[in-house]
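Right, one structure below, let's go through it.
The values are calculated or read from the model by the stated rules, or taken from the named source; none is laboratory data. From a predicted model like this one, the values you see are computed outputs, not experimental measurements. Backbone-built Cβ (ideal geometry, glycine too); neighbour counts: all protein chains shown. When the accessible area is computed, the model is the full protein with side chains, heavy atoms only, and any ligands, DNA or RNA have been set aside. Shrake-Rupley method; radii C 1.70, N 1.55, O 1.52, S 1.80 Å.
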Amino acid sequence: MAPRTTKQFEEIRTERRAQILDAALHVFAEEGYHTASVSKIAKRASISKGLMYNYFTSKEELLKTIVLEIFEEVMEGMDMKPGEVLTKEKFIHTVHFGIDIAVNNPHRWKLYVSLTFQPDVMPVIMAEMMPHIQPYMKSLSEYFGKKNYDDPIAMMRIYSAMVDGIQMHCILDPENFPVQKAKQLIIDQFA
């Protein structure tokens, strides 16, 4: 048997890292961040606690990594760049993608949402996310400003709340919620 190549080691490391993050998301969501332990996460990931510390230094680092990676995944799917001026077409794309992310992977999104609703998690998430979120909030506010809304910041928050609510309904009642009608109503209202 030939020794592993550098590329093979990197693939194993990438796969193991993803395995740990998935286990952490499940444990945090199911047991609560505060009561979750590194030992429980390692057990769920089928690795030793010591090996897990080769990937992440703490439970808080795991939480921050999960949140940032999901945020980056969403922004990549929306194809938005920080501070980008939104066109009508780009806005419509963000509506579709922002809702479809919950439709296409409801289990993962449910875990993420349940994690974000934990009181001891929200301060960590907000501290970590605000610097990343602000450029996108600014882009959306500017979009609503160009649409001549009196209070574009309020409209950005209302739009975001609508998408959050639709995502929640897609998670809770995926068989019956009228996803396409909801998307069209948002597009008709804001695009």
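What to note about this one:
- One residue from M75, M156, M129 being closer than 23 Å to K59 by Cβ, in a helix (DSSP H, G or I) and touching a Phe, Trp or Tyr at 6+ places or on another chain (Cβ under 8 Å): M129
- Top-ranked residue in the stretch 55-64 [being of a type outside the set (F, W, Y) and open to solvent by 20 Å² or more (accessible area, probe 1.4 Å); ranked as farthest from D120 (Cα to Cα)]: T57
- Residue count for the stretch 1-35 satisfying the condition of being within 17 Å of I66 (Cβ to Cβ) and not hydrophobic (A, V, I, L, M, F, W, C): 13.
- When residues of the stretch 107-156 are limited to those that are within 25 Å of L86 (Cα to Cα), charged (D, E, K, R) and over 17 Å from the mean Cα position of the chain (by Cα), the one most open to solvent (accessible area, probe 1.4 Å): D150
- Flag for V103 being out of contact with any Pro (no Cβ under 9 Å at 6 or more places or on another chain) and not aromatic (F, W, Y): no
- Taking the stretch 56-84 as the range and being over 23 Å from D100 (Cβ atoms), in contact (Cβ under 8 Å) with a residue 40 or more places away in the chain and not small (G, A, S) as the test, the residues that pass are E60, L62, L63, K64, T65.
- Search result, residues across the stretch 1-54 that are of a type in the set (G, A, S), within 20 Å of the chain's Cα centre (by Cα) and over 18 Å from M122 (Cα atoms): A18, A23
- In the stretch 78-104, residue surrounded by the most Cβ atoms within 10 Å (Cβ to Cβ) [restricted to those that are at pLDDT 85 or above and not in a helix (DSSP H, G or I)]: L86
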